[in-house]
Every structure is written in C-alpha cells, then in structure tokens.
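Everything below concerns the one structure shown next.
Quick note: the coordinates plus some simple rules give every number you see, no bench work behind them. The structure presented is a predicted model; accordingly, all values stated were derived computationally and were not measured. We place every Cβ from the backbone using ideal geometry, glycine too, and count neighbours over all the protein chains shown.
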Amino acid sequence: MTETKSFFTDGGAYERLMGRFTRAAGEIFLDWLALPKGLSWIDVGCGTGAFTQVLSNRCAPSRVEAVDPAEAQIAYARTTPAAKGVNFRIGDAQSLPFGNAEFDAAVMALVITFVPDPAKAVAELKRVTKPGGTIGAYMWDFFNNGSPRQRLSDAVERIGFQVHHPAGYAYSHIDAMEGFFRSAGLADIESRVIEVDVTYADFDTYWIAQTELVNDVVQKIREMSAAEVERLKADLRATLPKDKNGRIAYKASANAVKGRVPE
C-alpha cells in the first residue's frame, strides 16, 4: 500500500484529523469566492464530505456533485448530513464523469497535492464548468509550514527521523497553483492565503487525533521503538504552543486560487 493510498483508507480517522480544519478553511474560501446562491457545483476530491457540507450549508446550491477516488472516503461521506443534498460518487479528478459546461462552479478543497497531474485536473474543472463560471482551489501551504500536522512532522525530524513527504507537496506552492490555472486558460486569476486556528484541549487529544490516521508522518512514528515514541512525546509537550487557557493552539495556513472560465 502506498503512502497516498493509506492516507485515505479510514474516513472516520481522516475526519477526526482534518475535518474541522477543512471546514474552517472552507468557510473563508467560500466567502472569498463570493458566489450567489442557487448555483450548480462540483466538488472534486470531496473526501469525507467536510467541505461539501460547508458548501451545502452556506451556498444553497441547486445541485452538488461530489467525487473522490477513495471508496472509503465516499462511503463515509454518504453517512454524513451532507449526503441528503449531494450526489457522492467515485471519480477521478483527471477524468471527470460529466459532460462539458455542466456546472456554474467547480472547486477542489485540499486536493491538488494528491493529484498526479494537477494541470490536467484543472483543465477538467474548466471543461465541466460553464463559460463565465468560477473555478477555485485551496491547499495547505506545505512550503511555509502551514499544515495542521506540521508540528508533529517537525518533532519527528528533530529526534532524528527523516520524513519523506510526497512529491506532490510541491504543488501547494501558491506560484504552482496559479500556474495550473494559467495553463488551463482561465481568466481573472486571483490568489490569497487562508489562516485557521488549530486547537486541542490537551496533549492526549492532540496525540490521538494526529497519530490515528496512517500518513507519511505517522508511518515513521510506527517504525520507532517505545523509547523513541516517548522521546517524541516529550519534545512535543515542550514545544507545542499553548494559549492562555492551556490548550494546544497554533495557526495553519492554506493557499487559495480562483479564476473564471472565459466566455
């Protein structure tokens, strides 16, 4: 099983790790898109449906199609409240199962680094979106330590273990994301940084949420001895920022890009 595939085999664990941060960033992202209610949307790489739910709640869409290649994620999404008004289905961002110009808006939330060919995926978003329609994407800024799990990754490396991140992390750079939109021939391209608060009530809550889901960082932790894991925990307890109430608290940041399909 590859690192990328293992990251998406447990919808519940993914929701506990990333769901609330996805929703927080998604609310800011949708406010920035500033689109009218009643539009038809496609959510590509919908995962557990965390962003899809925000979209449904805030935008009163006339139609939402949500696709993801991970069967476990789609299965989980179909159990959530979002499923009442959304058609969740298996689908590939690089070959969407829809006709030309079907949607008013097309989005990818926290997806672009996991797509083998992002330029092809953005071109597909353009294909299925009507002339004059909006396309948008946002992704944790791995280049500037913006991921909600960056603190864990840094601590793993501080105690002497090298984390090998997927090559696709390079796609999270704002210049790269803008480049995919330009290569697709989109107009009126804009970008911005989105910041969200990452908080946990205590260390145990943080540790469980951050290490339950097998990803590139957690795989490295599972290779450690018990003594090494305790050394990692001691490092984190000493370095994780806390707010005035004693909660673990820090910022995560994502890069966002939007553009318009020329008429």
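In this Cβ point-charge picture (+1 for Lys and Arg, -1 for Asp and Glu), the range 112-253 has a dipole of about 140 debye about its Cα centre. Once the Cβ-Cβ distance of HIS165 and ASP188 is raised to the sixth power relative to R0 = 25 Å, the FRET efficiency obtained is 0.20. For LYS251, go through the lysines and keep the ones whose alpha-carbon is under 28 Å away, minus same-chain ones fewer than eight residues off. Cα-Cα hits under 28 Å: LYS5, LYS220, LYS233, LYS242. Peptides 71-84, 96-109, ordered by how many other C-beta atoms sit within 10 Å of their residues on average, highest first, read 96-109, 71-84.
Which shape class, rounded, prolate or oblate, goes with the range 152-253 when its Cα gyration tensor gives a ≥ b ≥ c as root eigenvalues, a/c under 1.5 marks rounded, and past that a/b bigger than b/c marks prolate? It is oblate, given that a/c is not under 1.5 and a/b is not larger than b/c. Here the simple spin-label model places points 7 Å from the Cα toward Cβ, and for ASN87 and ALA75 these points are separated by 2.3 nm.
When we measure straight from the Cα of LYS130, which lysines land under 21 angstrom away, once same-chain ones fewer than 8 places off are left out? Once the sequence-local lysines are set aside, what remains near LYS130 is LYS37, LYS120, LYS258.
(i) 120; (ii) 191; (iii) 133: which one is volume of the Cα convex hull per residue in Å³ as calculated from this entry? Only one option fits the structure, namely (i).
FRET efficiency for the THR199 to ASP31 pair, using the beta carbon distance and R₀ = 22 Å, is estimated at 0.60. Near GLY38, once Lys and Arg are set to +1 and Asp and Glu to -1 for all other residues with Cβ below 15 Å from its Cβ, the sum equals +3. Sorting the segments 120-130, 33-43, 177-187 by their mean number of nearby beta carbons within 10 angstrom, highest to lowest, gives 120-130, 177-187, 33-43.
Given the options LEU55, ALA121, VAL214, identify the residue whose Cα lies farthest towards the positive end of the charge dipole of the chain (+1 on Cβ of Lys, Arg; -1 on Cβ of Asp, Glu). Checked the options; the winner is LEU55. Is the range 205-250 best put as rounded, prolate or oblate by its Cα gyration tensor, with a ≥ b ≥ c the root eigenvalues, rounded for a/c under 1.5, and otherwise prolate when a/b is larger than b/c, oblate when not? Oblate.
Evaluated with a Cβ-only charge set (Lys, Arg +1; Asp, Glu -1), the range 172-218 carries a dipole of roughly 240 debye about its Cα centre, given to the nearest 20.
Applying 1/(1 + (r/R0)^6) with R0 = 22 Å to the Cβ-Cβ distance of ALA227 and GLU157 gives a FRET efficiency near 0.80. Whole Å is fine, so just give me how far the alpha carbon centre of the range 223-249 lies from that of the range 120-196. Here the answer is 28 Å between Cα centres.
About its Cα centre, the dipole of the chain is roughly 440 debye, where the only charges are +1 on Lys and Arg Cβ and -1 on Asp and Glu Cβ.
If I stretch the segment between ARG247 and ASP175 completely, what's the gain in nm (0.36 nm per residue apart, minus their alpha carbon distance), one decimal? Could you put the intermediate results ahead of the total?
Details: separation 72, 0.36 × 72 = 25.92 nm, distance 3.43 nm.
Answer, rounded to one decimal: 22.5 nm.
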